[in-house]
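Before any comments, here is the structure.
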Amino acid sequence: MLTVDFSRFPLAPGDRVLDLGCGAGRHAFECYRRGAQVVALDQNGDEIREVAKWFAAMEEAGEAPAGASATAMEGNALALPFPDDSFDVVIISEVMEHIPDDKGVLAEMVRVLRPGGRIAVTVPRYGPEKICWTLSDAYHEVEGGHIRIYRGDELLGKMREAGLEPYGTHHAHGLHSPYWWLKCAFGVDNDKALPVQAYHKLLVWDIMKKPLATRLAERALNPVIGKSFVVYATKPHLPEAPAADATGAPAEAAEPAAKGPAAKPGAKARAAKSSAKSSAGAAK
């Protein structure tokens with residue numbers, strides 16, 4: 001079950017991808033299948049070992065094209081072990097709501113993303129998440145649980161402050177919000193409640209079979225009660241340095257040097273002649 005929509009977030013074979021807070025690896029696996037060079041990173045060692053096993057199984061089964069690569073590693077999202085501009089693509093899905101220093105995480109992602117690179121951020125949507133918090137304290141008052149609920153404009157603002165340029169948003173998993181409302185209502189750890197079991201079977205059937213009826217239903221529900229809010233953004237290119245003139249000075253600085261209120265008639269011509277002599281001397 002993917003939250004990132006790759007039709008809106010293009011991925012090319014050979015792209016260097018960081019799946020930050022990869023969890024069970026669902027987005028990392030999809031990127032690997034698409035021919036990317038993937039690094040799946042998470043602080044949970046048990047999940048990382050499972051992701052590594054699945055990467056190996058995918059390679060053995062020939063699920064990844066030639067040139068693709070995949071690495072699973074433990075790491076800290078606030079101190080990524082990569083140089084600046086290391087990745088073409090960064091994905092962080094359903095992670096930022098867990099981390100107190102979300103601005104620090106954004107800064108690290110921007111640092112390792114190359115100029116012109118793309119980033120996808122997904123978080124629980126405000127409305128459906130607020131209902132979960134209202135129905136159950138246990139849903140969020142657990143170690144490592146959700147510590148905040150993002151409003152859409154709040155997340156977009158933080159991404160812009162970090163230096164990113166958002167270019168698209170949407171909502172996902174409209175069928176999943178009612179499931180979590182049922183979980184919160186009957187007890188987040190109570191999987192034996194009949195309504196919870198019945199709805200879970202529906203979701204499994206939907207994921208495995210992808211029937212047209214549920215695909216159409218979710219498409220209609222996503223804008224209304226979609227469980228996740230998804231943002232796509234780019235890291236802008238740095239502005240180009242001004243071109244230098246023959247003396248090595250920036251072009252826009254060379255012209256004012258020959259002007260000014262103290263410049264005498266013929267000063268511009270004498271400056272040009274002097275520059276020509278200097279260039280000729282350097283060429284000898």
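The values are calculated or read from the model by the stated rules, or taken from the named source; none is laboratory data. In this text the structure is predicted, and so the values were computed from the model without any measurement. Don't worry about glycine lacking a Cβ; one is built from the backbone with ideal geometry, like all the others, and counts go over all protein chains shown. With ligands, DNA and RNA removed, areas are computed over all heavy atoms of the protein, side chains included. Shrake-Rupley method; radii C 1.70, N 1.55, O 1.52, S 1.80 Å.
The single condition among (1) under 20 Å from residue 118 (Cα atoms); (2) open to solvent by less than 30 Å² (accessible area, probe 1.4 Å) that residue 51 does not satisfy is (1). Criterion applied to 46, 42 was being under 23 Å from residue 144 (Cα atoms), among the acidic types (Asp, Glu) and open to solvent by less than 50 Å² (accessible area, probe 1.4 Å), and the one residue passing it is 42. Among the residues making up region 143-202, those that are in contact (Cβ under 8 Å) with a residue 60 or more places away in the chain and open to solvent by less than 60 Å² (accessible area, probe 1.4 Å) are 150, 152, 155, 156, 159, 163, 164, 166, 168, 170, 172, 173.
Consider region 95-106. How many of its residues are open to solvent by less than 60 Å² (accessible area, probe 1.4 Å) and out of contact with any His (no Cβ under 6 Å at 6 or more places or on another chain)? First the steps, then the outcome.
The initial filter retains those residues of region 95-106 that are open to solvent by less than 60 Å² (accessible area, probe 1.4 Å), namely 95-97, 99, 102, 104-106.
Filter once more, so that each one left must be out of contact with any His (no Cβ under 6 Å at 6 or more places or on another chain): 95-96, 99, 102, 104-106.
Matching residues across region 95-106 total 7.
Screening region 83-115 for residues that are under 13 Å from the mean Cα position of the chain (by Cα) and small (Gly, Ala, Ser) and picking the one that is nearest to residue 2 (Cα to Cα) gives 93. Residues of region 135-158 that are touching a strand residue (DSSP E or B) at 6+ places or on another chain (Cβ under 6 Å) and in a loop (DSSP other than H, G, I, E, B): 150 alone.
Hey, any hits in region 10-17 for a residue that's open to solvent by 70 Å² or more (accessible area, probe 1.4 Å), at pLDDT below 95 and within 30 Å of residue 239 (Cβ to Cβ)? Scanning region 10-17 turns up at least one residue that is open to solvent by 70 Å² or more (accessible area, probe 1.4 Å), at pLDDT below 95 and within 30 Å of residue 239 (Cβ to Cβ). Being more than 19 Å from the chain's Cα centre (by Cα), under 23 Å from residue 210 (Cβ atoms) and at pLDDT 95 or above is a condition met by no residue of region 38-48.
Can residue 186 be described as closer than 30 Å to residue 106 by Cα, touching a helix residue (DSSP H, G or I) at 6+ places or on another chain (Cβ under 8 Å) and among the aromatic types (Phe, Trp, Tyr)?
Spelling it out, it is not the case that residue 186 is closer than 30 Å to residue 106 by Cα, touching a helix residue (DSSP H, G or I) at 6+ places or on another chain (Cβ under 8 Å) and among the aromatic types (Phe, Trp, Tyr).
If the condition is being without any contact (Cβ under 8 Å) to a residue 40 or more places away in the chain and open to solvent by 60 Å² or more (accessible area, probe 1.4 Å), then region 107-133 contributes 111, 130.
For region 64-79, the set of residues classified as modelled with pLDDT of 95 or more, touching a helix residue (DSSP H, G or I) at 6+ places or on another chain (Cβ under 7 Å), part of a loop (DSSP other than H, G, I, E, B) and within 18 Å of residue 25 (Cβ to Cβ) consists of 68, 77, listed by residue number. The conditions are (1) modelled with pLDDT of 60 or more; (2) touching a Lys or Arg at 6+ places or on another chain (Cβ under 6 Å); (3) more than 30 Å from residue 119 (Cα to Cα), and residue 258 fails exactly one of them. Which is it? If we test residue 258 against (1) modelled with pLDDT of 60 or more; (2) touching a Lys or Arg at 6+ places or on another chain (Cβ under 6 Å); (3) more than 30 Å from residue 119 (Cα to Cα), just (1) comes out false. The single residue among 221, 194, 238 that is modelled with pLDDT of 95 or more and under 26 Å from residue 10 (Cα atoms) turns out to be 221.
Which one of these is in contact (Cβ under 8 Å) with a residue 60 or more places away in the chain, under 19 Å from the mean Cα position of the chain (by Cα) and in a loop (DSSP other than H, G, I, E, B): 23, 14, 35?
23
Residues of region 28-46 that are acidic (Asp, Glu) and farther than 16 Å from residue 93 by Cβ: 46 alone.
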